[in-house]
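Worksheet: one structure, shown below.
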Amino acid sequence: MDTTSHISGIRVDSGATTLTGVLEGTRIATMDGLLPVEYLQPGDRIVTRTGGRKLLAISVLRRRAMELVRVRGSVLGHGRPEEDLLLAPGQCLLIRDWRARALYGRDFAAIPAARLEDGEFVLREFHGQVRLYTLRFEEDAVIYAEGLELACPALAHEESGV
(Lines give C-alpha, C1' and ligand atoms only; values in the text may rest on other atoms or scores of the structure.)
Protein backbone atom coordinates (compact mmCIF):
# COMPACT_ATOMS: atom_id res chain seq x y z
CA MET A 1 0.00 0.00 0.00
CA ASP A 2 1.39 3.40 -0.97
CA THR A 3 1.51 5.61 2.12
CA THR A 4 2.74 8.78 0.49
CA SER A 5 0.86 11.90 -0.55
CA HIS A 6 1.87 15.41 -1.54
CA ILE A 7 1.55 18.65 0.39
CA SER A 8 2.27 21.82 -1.55
CA GLY A 9 4.52 19.85 -3.92
CA ILE A 10 6.42 18.18 -1.07
CA ARG A 11 6.61 14.43 -0.80
CA VAL A 12 4.92 13.34 2.43
CA ASP A 13 5.63 9.95 3.90
CA SER A 14 2.64 9.30 6.11
CA GLY A 15 3.97 5.94 7.27
CA ALA A 16 1.73 3.82 9.46
CA THR A 17 1.23 6.47 12.15
CA THR A 18 -1.72 8.81 11.66
CA LEU A 19 -2.04 10.66 14.98
CA THR A 20 -0.97 14.25 14.26
CA GLY A 21 -0.74 17.51 16.14
CA VAL A 22 1.31 19.75 18.38
CA LEU A 23 1.10 20.17 22.13
CA GLU A 24 -0.47 23.01 23.99
CA GLY A 25 2.03 25.86 24.30
CA THR A 26 3.64 25.29 20.90
CA ARG A 27 4.14 28.69 19.25
CA ILE A 28 2.74 29.00 15.73
CA ALA A 29 3.71 31.77 13.30
CA THR A 30 0.66 33.90 12.53
CA MET A 31 0.20 37.18 10.69
CA ASP A 32 -0.02 38.73 14.20
CA GLY A 33 3.23 37.14 15.40
CA LEU A 34 4.02 33.96 17.30
CA LEU A 35 1.03 32.65 19.25
CA PRO A 36 0.54 29.52 21.38
CA VAL A 37 -1.55 27.04 19.42
CA GLU A 38 -4.30 27.00 22.05
CA TYR A 39 -4.96 30.73 21.38
CA LEU A 40 -5.70 30.18 17.68
CA GLN A 41 -9.24 30.26 16.31
CA PRO A 42 -10.80 29.48 12.94
CA GLY A 43 -10.41 32.57 10.74
CA ASP A 44 -6.95 33.47 12.08
CA ARG A 45 -4.30 34.10 9.41
CA ILE A 46 -1.43 31.64 9.73
CA VAL A 47 1.97 32.05 8.07
CA THR A 48 2.54 29.13 5.69
CA ARG A 49 5.28 28.23 3.28
CA THR A 50 3.21 29.77 0.46
CA GLY A 51 2.00 32.88 2.32
CA GLY A 52 -0.74 33.77 4.79
CA ARG A 53 -3.64 31.30 4.94
CA LYS A 54 -6.94 31.43 6.79
CA LEU A 55 -7.26 28.72 9.44
CA LEU A 56 -10.46 26.76 8.80
CA ALA A 57 -10.55 24.41 11.76
CA ILE A 58 -8.66 23.25 14.82
CA SER A 59 -9.15 19.83 16.27
CA VAL A 60 -8.20 19.16 19.87
CA LEU A 61 -7.45 15.66 21.10
CA ARG A 62 -7.20 15.01 24.82
CA ARG A 63 -5.52 11.87 26.09
CA ARG A 64 -4.79 10.80 29.63
CA ALA A 65 -1.53 9.28 28.50
CA MET A 66 0.31 8.72 25.22
CA GLU A 67 3.70 8.53 23.58
CA LEU A 68 5.03 11.70 21.99
CA VAL A 69 8.13 12.45 19.98
CA ARG A 70 10.59 14.99 21.39
CA VAL A 71 12.67 16.81 18.78
CA ARG A 72 15.59 18.42 20.61
CA GLY A 73 16.34 22.08 20.02
CA SER A 74 18.44 22.90 16.95
CA VAL A 75 18.80 19.22 15.96
CA LEU A 76 17.46 19.88 12.44
CA GLY A 77 19.51 23.03 11.90
CA HIS A 78 20.25 26.26 13.73
CA GLY A 79 17.05 27.16 15.60
CA ARG A 80 15.15 24.24 14.10
CA PRO A 81 13.35 23.82 16.43
CA GLU A 82 14.13 26.84 18.57
CA GLU A 83 13.83 24.67 21.69
CA ASP A 84 12.73 21.10 22.39
CA LEU A 85 9.42 20.41 20.69
CA LEU A 86 6.92 17.63 21.45
CA LEU A 87 4.88 16.29 18.54
CA ALA A 88 2.38 13.52 17.90
CA PRO A 89 4.19 10.54 16.33
CA GLY A 90 2.43 11.00 12.97
CA GLN A 91 2.96 14.75 12.69
CA CYS A 92 4.92 15.31 9.49
CA LEU A 93 7.75 17.80 9.57
CA LEU A 94 9.70 19.16 6.66
CA ILE A 95 13.37 18.19 6.65
CA ARG A 96 15.97 19.75 4.37
CA ASP A 97 19.18 17.94 5.15
CA TRP A 98 21.03 14.66 4.69
CA ARG A 99 18.04 12.77 6.14
CA ALA A 100 15.85 13.72 3.17
CA ARG A 101 18.58 12.73 0.74
CA ALA A 102 19.32 9.45 2.57
CA LEU A 103 15.68 8.41 2.95
CA TYR A 104 14.16 9.76 -0.28
CA GLY A 105 16.94 10.94 -2.58
CA ARG A 106 15.51 14.48 -2.44
CA ASP A 107 16.64 17.78 -0.98
CA PHE A 108 13.56 17.95 1.26
CA ALA A 109 10.65 15.77 2.37
CA ALA A 110 7.88 15.76 4.97
CA ILE A 111 8.36 12.86 7.37
CA PRO A 112 6.39 11.74 10.43
CA ALA A 113 8.22 12.67 13.62
CA ALA A 114 8.34 9.01 14.70
CA ARG A 115 10.33 8.07 11.57
CA LEU A 116 13.15 10.41 12.65
CA GLU A 117 13.52 8.78 16.06
CA ASP A 118 17.15 8.03 16.92
CA GLY A 119 16.88 7.68 20.71
CA GLU A 120 19.16 10.64 21.42
CA PHE A 121 18.16 13.76 19.49
CA VAL A 122 14.70 12.64 18.41
CA LEU A 123 13.12 10.31 20.94
CA ARG A 124 9.81 8.93 22.13
CA GLU A 125 8.56 9.81 25.57
CA PHE A 126 5.49 8.81 27.53
CA HIS A 127 3.39 11.77 28.75
CA GLY A 128 0.24 12.07 30.81
CA GLN A 129 -2.62 14.56 30.33
CA VAL A 130 -1.85 15.42 26.72
CA ARG A 131 -3.75 17.95 24.63
CA LEU A 132 -2.88 17.87 20.90
CA TYR A 133 -3.93 20.57 18.46
CA THR A 134 -4.22 19.91 14.71
CA LEU A 135 -4.66 22.82 12.31
CA ARG A 136 -6.63 22.48 9.06
CA PHE A 137 -6.78 24.72 6.02
CA GLU A 138 -8.72 24.78 2.75
CA GLU A 139 -5.61 23.52 0.94
CA ASP A 140 -2.59 21.53 2.07
CA ALA A 141 -0.20 23.79 3.96
CA VAL A 142 3.18 23.85 5.65
CA ILE A 143 3.13 25.97 8.82
CA TYR A 144 5.90 27.23 11.09
CA ALA A 145 5.93 25.95 14.69
CA GLU A 146 8.87 26.76 16.98
CA GLY A 147 11.07 27.26 13.92
CA LEU A 148 10.11 23.95 12.27
CA GLU A 149 8.00 23.50 9.17
CA LEU A 150 5.05 21.18 9.85
CA ALA A 151 2.74 19.68 7.24
CA CYS A 152 -1.00 20.24 7.63
CA PRO A 153 -3.18 18.31 5.15
CA ALA A 154 -6.28 20.11 3.90
CA LEU A 155 -9.51 19.69 5.83
CA ALA A 156 -11.00 17.91 2.80
CA HIS A 157 -8.36 15.14 3.10
CA GLU A 158 -9.42 14.40 6.66
CA GLU A 159 -13.13 14.35 5.80
CA SER A 160 -12.73 12.08 2.78
CA GLY A 161 -10.24 9.73 4.44
CA VAL A 162 -7.57 10.48 1.81
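Structure above, values below:
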{"quantity": "Failed condition for residue 19, given (1) at pLDDT 95 or above; (2) within 18 Å of residue 132 (Cα to Cα)", "calculated": "(1)"}
{"quantity": "Residue match in the range 97-112 (condition: basic (Lys, Arg), modelled with pLDDT under 95 and within 16 Å of the chain's Cα centre (by Cα))", "calculated": "no"}
{"quantity": "Residue selected from the range 114-135 under the condition of a type in the set (D, E, K, R) and assigned to a strand (DSSP E or B), by the criterion least open to solvent (accessible area, probe 1.4 Å)", "calculated": "125"}
{"quantity": "Positions within the range 28-45 being part of a loop (DSSP other than H, G, I, E, B) and not small (Gly, Ala, Ser), in sequence order", "calculated": "31, 32, 40, 41, 42, 44"}
{"quantity": "Residue count for the range 32-83, restricted to those that are closer than 16 Å to residue 139 by Cβ and among the aromatic types (Phe, Trp, Tyr)", "calculated": "0"}
{"quantity": "Within the range 46-85, tally of residues that are open to solvent by 30 Å² or more (accessible area, probe 1.4 Å), within 30 Å of residue 126 (Cβ to Cβ) and assigned to a strand (DSSP E or B)", "calculated": "10"}
{"quantity": "Restricting the range 14-45 to residues that are without any contact (Cβ under 8 Å) to a residue 60 or more places away in the chain and open to solvent by 60 Å² or more (accessible area, probe 1.4 Å), the residue that is farthest from the chain's Cα centre (by Cα)", "calculated": "32"}
{"quantity": "Those residues of the range 89-113 which are in a loop (DSSP other than H, G, I, E, B), closer than 21 Å to residue 47 by Cα and not aromatic (Phe, Trp, Tyr), in sequence order", "calculated": "91, 96"}
{"quantity": "Tally, over the range 86-113, of residues that are open to solvent by 20 Å² or more (accessible area, probe 1.4 Å) and touching a Gly at 6+ places or on another chain (Cβ under 8 Å)", "calculated": "2"}
{"quantity": "Failed item, numbered, when residue 138 is tested on (1) closer than 28 Å to residue 52 by Cβ; (2) open to solvent by less than 50 Å² (accessible area, probe 1.4 Å)", "calculated": "(2)"}
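The values are calculated or read from the model by the stated rules, or taken from the named source; none is laboratory data. Computed from a predicted structure; not experimentally measured. Glycine also receives a Cβ, built like all others from the backbone with ideal geometry; neighbour counts cover every protein chain displayed. SASA here: full protein model, heavy atoms, side chains in, ligands and nucleic acids out. Shrake-Rupley method; radii C 1.70, N 1.55, O 1.52, S 1.80 Å.
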